[in-house]
Amino acid sequence: MNIILLGPPGAGKGTQSAGLVERHGMRQLSTGDMLRAAVKAQTPVGLQAKAVMDRGELVSDEIVSSLIDENLAEMKAGQGAIFDGYPRTAAQAADLDRILAKHDRSLDHVIELEVDVDALVERITGRFSCANCGALYHDTANPPAKEGVCEVCGSTEFKRRPDDNEETVRTRMQEYRAKTAPILPGYEERGIVSRVDGMAGIDEVASAIDAILA
């Protein structure tokens with residue numbers, strides 16, 4: 001089973017990918033994670049990517065596609081893949097089809113986590129974490145039991161990501177829509193696109209995804 005998991009930042013792709021890995025033994029292929037791993041391991045593609053990034057340039061489609069190719073080659077034949085953050089363009093979608101065919105695989109599902117923009121803004125801007133142990137909290141959904149004190153380590157120091165603000169969230173949403181718009185029509189024609197309410201609870205979203213895969 002090979003799937004593309006779509007959704008803007010904060011939609012829960014990482015959480016759902018982790019659940020799919022645990023429940024179904026799938027492998028999450030996140031472009032960001034793969035790039036960092038390849039650079040750290042100093043693979044040929046990783047060295048090529050590092051040189052590009054050191055120049056302050058964007059990594060090319062060719063490099064990203066090479067990373068996908070490398071990672072699929074390492075996987076067992078029966079292990080499913082979750083593509084997270086790829087493809088982002090029609091050209092990358094064509095590359096993915098070619099790479100999957102090379103490894104005797106096909107794309108089974110494209111699952112989009114749909115979100116309400118205003119609710120997503122509230123979800124993301126309310127996030128914060130313990131500066132000491134990294135425990136995650138939310139202003140309204142998951143505040144510490146005792147205000148100002150981490151439940152895990154007792155620290156009173158907390159932090160928020162600087163980009164967890166309304167302007168950034170709305171900009172990311174616009175960018176996501178602009179990037180995904182070119183790739184969805186082709187997948188729609190193939191009848192493999194499904195949509196899930198990404199604002200539902202984590203377990204509800206997981207159940208909806210499992211029902212699609214079944």
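The values are calculated or read from the model by the stated rules, or taken from the named source; none is laboratory data. Note that this is a predicted model, so its numbers are computed, not measured. Please note: Cβ atoms are built from the backbone with ideal geometry, for glycine as well, and neighbour counts cover all protein chains shown. Heads up: the accessible areas ignore ligands, DNA and RNA and are worked out on the full protein's heavy atoms, side chains in. Shrake-Rupley method; radii C 1.70, N 1.55, O 1.52, S 1.80 Å.
Annotations for the structure displayed:
- Output for segment 15-48, where each listed residue is open to solvent by less than 30 Å² (accessible area, probe 1.4 Å) and polar (S, T, N, Q): 16, 17, 30, 31
- Verdict on residue 156 being under 21 Å from residue 198 (Cβ atoms) and among the β-branched types (Val, Ile, Thr): no
- Residue match in segment 78-87 (condition: touching a Phe, Trp or Tyr at 6+ places or on another chain (Cβ under 6 Å) and within 21 Å of residue 13 (Cα to Cα)): no
- Among residues of segment 80-107, those that are part of a loop (DSSP other than H, G, I, E, B) and open to solvent by 50 Å² or more (accessible area, probe 1.4 Å), counted: 4
- Elements of the type helices (runs of 4 or more DSSP H) sitting completely within segment 1-60 and holding at least 3 residues that are within 26 Å of residue 208 (Cα to Cα) and in contact with a helix residue (DSSP H, G or I) (Cβ under 7 Å, 6 or more places away or on another chain): these cover 13-24.
- Selection from segment 156-183 of residues that are part of a loop (DSSP other than H, G, I, E, B) and either within 13 Å of residue 7 (Cα to Cα) or not charged (D, E, K, R) (or both): 156, 162, 165, 181, 182, 183
- Among residues of segment 67-79, those that are open to solvent by less than 40 Å² (accessible area, probe 1.4 Å) and either in contact with a strand residue (DSSP E or B) (Cβ under 7 Å, 6 or more places away or on another chain) or at pLDDT below 90 (or both), counted: 5
- Taking segment 1-14 as the range and being more than 14 Å from residue 197 (Cα to Cα) and open to solvent by 20 Å² or more (accessible area, probe 1.4 Å) as the test, the residues that pass are 1, 9, 14.
- Any hit, segment 187-206, residues being surrounded by 14 or more Cβ atoms within 10 Å (Cβ to Cβ), without any contact (Cβ under 8 Å) to a residue 24 or more places away in the chain and small (Gly, Ala, Ser): yes
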